[in-house]
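J.: The structure is given below, and queries will be raised subsequently.
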Amino acid sequence: MAIKSKPSRPRRSGSYRPRRSSGRSRKPRTTGLPFTLPENTLPWALGGGAVGLALTVLFFSQIIDGFEALLQTFGIGLLLLTAGLAWDAKVAMERPQFTKEFLRLFGGWHMLGAFAFGILGLASPAWSLGDVNFADSTLGGDAGHFFTGSPPGVVAWMALGGTGFSLVWPRRAGQIGSGLLVVGRWIISLEIPQRVGRGIAAFVGVLLPRAEEGYEEDERAMLPQPYISQHDEEWTEAAVDEEIEEEDELEEVAETATDVLVQTEEEADHYQSPLPMGRPSGRGWELPPVAALAQAADIEVRPLDNELRARLIVDTLASFGVDARVVSVLQGPAVTQFGVEPGWETKTRSIPVKDENGKQLFDRDGRPMTRTEVISKTRVRVNRITALANDLSLALAAPTIRIEAPVPGKPIVGIEVPNTTTSVVAIRSVIESNAFQKAMQKSKLALALGKGVSGESIAADLTKMPHLLIAGSTGSGKSVCINSIIACFLLHNTPEELRLVLVDPKRVELTTYNKVPHLAFSKVIVDMDEVVGTLQAVIHEMDSRYRRFSEIGVRNLEAYNKAPQASHKLPYWVVIIDELADLMMAAPYEVERQICRLAQLARATGIHLIVATQRPSVDVITGLIKANFPTRIAFAVSSQVDSRTIIDGVGAEKLLGRGDMLFMATDAAKPKRIQGSYVSDEEIEEIVEWWSNDRFRHIAPEKLDHLLEEAAGEGSAADKASDDDPLYEAARELAMQHSRVSTSLLQRRLHVGYPRAARLIDMLEEEGVVGAAESGQSRQVLVADVPDDDPFDEEDDYGNN
């Protein structure tokens, strides 16, 4: 068999590869050692290993005692010590710059490392390593036992931990210190030592025996008696008789005083009966019990003629060619909502019936046969139903009906028909509902508004509104709504959580709350002259809160009350004005400016406004005020114009009154009809009596009347500064252009209100520009330099006027 040679690969150009010679011998490899190993190396390797092992055992036997000594001193913390020394060596090799920041972190971490020995010293397990027993020492060795086994060591351990933590994390340490300071102040405010001392004193006083007559006689018998001779017996008997007479007189006086005291206590009990137990709220406050409110008396009356009224609605609409059907009936306290689903409008045509050959077919009477074919089918327009509101009201014999087209979230048209009997919605039933309880979990300023057309309870949050405008005619339920709102506040807030500013120009609606400690000022504001100063005082409080927020670096009241830097929590403020029309008539410019400024800026500071009026006209509810009050409540009004002024639409003129209202929420597209909750005068008196009790007198917050005094001082300074009115020169020039001038002329030309125009007229009179007032006429201009173009005072050729 011939051996085939391997084909040679073609040599690449430019490359040179020398051929290996088969005859040459290879050189032996060298190990690089300075000596040459013998050919049989196994005996030498075993001998060297034995010698090395012997030397190693000898070395460890010498240092084992030193290792046990280190383990006894530092315990398992020896690992921490080794890691720390390695870290120090690494830091030293990097040659760091010894700045304050480096020294602070270097010292802090070393102190925390020493603090870790104390933590290990808290554990003493039954472990042993060699001759070292950790049950006798600790996991931290003798060093850990020093930190935890003696009072000086514990003090040093705590100091090392606190100082090291402060050096490594200074900001977090400051926050923790502030929190501990707040907790300490709170513990001090609890007065625990004083209370414990009073309890011990009372307990000891109960255990000690009382001084009774027999005991006093025995004690007197034990006292040394003075020596009385026979000569002094008569005198002693006379003195004893006088003492007996004096004692009888004292007993009569004491009996009289006791009778007066008993009578006074009976009168006090008559005026202030003992109150039931309240709901504890912390810091000595107790909220009024819900039992202070009357039981829910709003029994829903479901008339038996709902089906009849539903058929009347369908038949009435059908009589006008509107196809519809009633799909739902919702019974409310005052009205019943019938949900009407629009039908279909169909267009048809008649088509002759033919046979197979295309000939007309006839019936038995000889008339041509036809069939009906639907051409188009469309829904009934909603405006066809709303246009029949008066016809439906006539058919149902209802005083007025309201059509909501469509009902929000439902494909139906709501026809709201008044009930024959109206049930009263008690405020307690709304407060105990789930809707109000959910609102209370989010905010302390929850409002129990009432119940909707389907009987569901409706609650709202004032902090989300954030201001509320209430309008309605006399007797529509506006004042009752305000009282129910205040009752909700007083039932769920302490004076430390809420302060009220009440303005009542009527003098009879809100003066009942004069005794509650929630008032920010010492009384309910009833004088019109004090209203502007009161609103200015509220503005001062708002500015003061904004300054506090900027110092701490927060944006709103909730963040400020949670900040550890805050010295104390700030309460909410609610400003309630019962009649805005009276204020706008007295000082329209100042009141509008102050209310708008509070409405624009006061939300973040926790100050909210509730403004009510019974005259919802454009001169009372101006465009600027309306723009800053997105949440509104409209009670029954007299015209559609007033309804549009309040809720930007019609519907309020068709309300029934007595608490029937439309609630326009901020995030709602249409207003919601609600029967307002009712609170009686007796319930209000019980709530006020609860808060005016003497049990809260020692913890009641101070009144802030100094804000009123500061605002009054600024008001007097403003009055003095108003003598130099910047419009005086313009008023003087305007007067010089005419022969006679009036207050209304200044109002029109200078665009100012009546008070300012009248003040300008008085200033012109003082300067001698115009004459004195004449009954029913304008004032005469007394200046001589009247221009030539005056149409009333033209100069003739001889220079006479």
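The values are calculated or read from the model by the stated rules, or taken from the named source; none is laboratory data. What you are looking at is a predicted structure, and each value in this text was computed from that prediction instead of being measured. Positions of Cβ are backbone-derived with ideal geometry, glycine not excepted, and every protein chain shown enters the neighbour counts. Note: accessible area is taken over every heavy atom of the protein model, side chains too, but ligands, DNA and RNA are not part of it. Shrake-Rupley method; radii C 1.70, N 1.55, O 1.52, S 1.80 Å.
J.: What does the net charge come to around A471 if you take all other residues with beta carbon closer than 15 Å to its beta carbon, with K and R at +1 and D and E at -1?
T.: So the surrounding residues net to -3.
J.: Now for a separate question. Taking all protein chains as present, what is the carbon and sulfur share of the accessible area of segment 566-628, in % to the nearest whole number, probe 1.4 Å?
T.: 56 percent
J.: Calculate, for S638 and Q360, the FRET efficiency according to 1/(1 + (r/R0)^6) with r their C-beta to C-beta distance and R0 56 Å; round to the nearest 0.05.
T.: Using R0 = 56 Å, I get an efficiency of 0.25.
J.: Turning to a different aspect of this structure: Rounded to the nearest 0.05, what FRET efficiency is calculated for T82 and A700 with R0 set to 60 Å and r the Cβ-Cβ distance?
T.: The computed FRET efficiency comes out at 0.40.
J.: May I pose another question? How much length is gained if the chain between V155 and V382 is pulled fully straight, taking 0.36 nm per residue apart and subtracting their Cα-Cα distance, in nm to one decimal?
T.: Gain on stretching V155 to V382: 73.4 nm.
J.: Between H110 and W344, how high is the FRET efficiency from 1/(1 + (r/R0)^6) when r is the Cβ-Cβ distance and R₀ = 60 Å? Nearest 0.05.
T.: 0.10
J.: Okay, moving on. Once both labels are modelled 7 Å past Cα along the beta-carbon direction, what's the R555-E710 spacing in nm?
T.: In this crude label model, R555 to E710 measures out at 2.7 nm.
J.: Using a 1.4 Å probe on the protein heavy atoms, what percent of the accessible area of segment 409-483 belongs to carbon and sulfur?
T.: Of the solvent-accessible surface of segment 409-483, carbon and sulfur hold 53 percent.
J.: All other residues with a Cβ under 12 Å from the Cβ of E496 taken together, and with Lys, Arg as +1 and Asp, Glu as -1, what is their net charge?
T.: Here the count lands on +2.
J.: Ok, one more. Would you tally the net charge around N514, using a Cβ to Cβ cut-off of less than 11 Å, leaving N514 out, and scoring K and R as +1, D and E as -1?
T.: Overall, the nearby charge balance is +1.
J.: Now a separate question. Pulled fully out, how much extra length does the chain show between D323 and N514, if you take 0.36 nm times their separation in residues and subtract their Cα-Cα distance?
T.: 62.8 nm
J.: In addition: Assuming 0.36 nm per residue, please report the length gained on full extension of the stretch A758 to T622 beyond their Cα-Cα distance.
T.: Gain in length upon complete extension: 46.7 nm.
J.: Any idea how far apart T163 and R283 come out in nm if each label point goes 7 Å out from Cα toward Cβ?
T.: 3.8 nm
J.: Something else now. Using the heavy atoms of the protein chains alone and a 1.4 angstrom probe, what is the accessible area of segment 632-691 per residue in square angstrom?
T.: Normalised by residue count, the accessible surface of segment 632-691 is 42 Å².
J.: Tell me, what is the per residue accessible area of segment 517-626 in Å², probe radius 1.4 Å?
T.: Value for segment 517-626: 41 Å² per residue.
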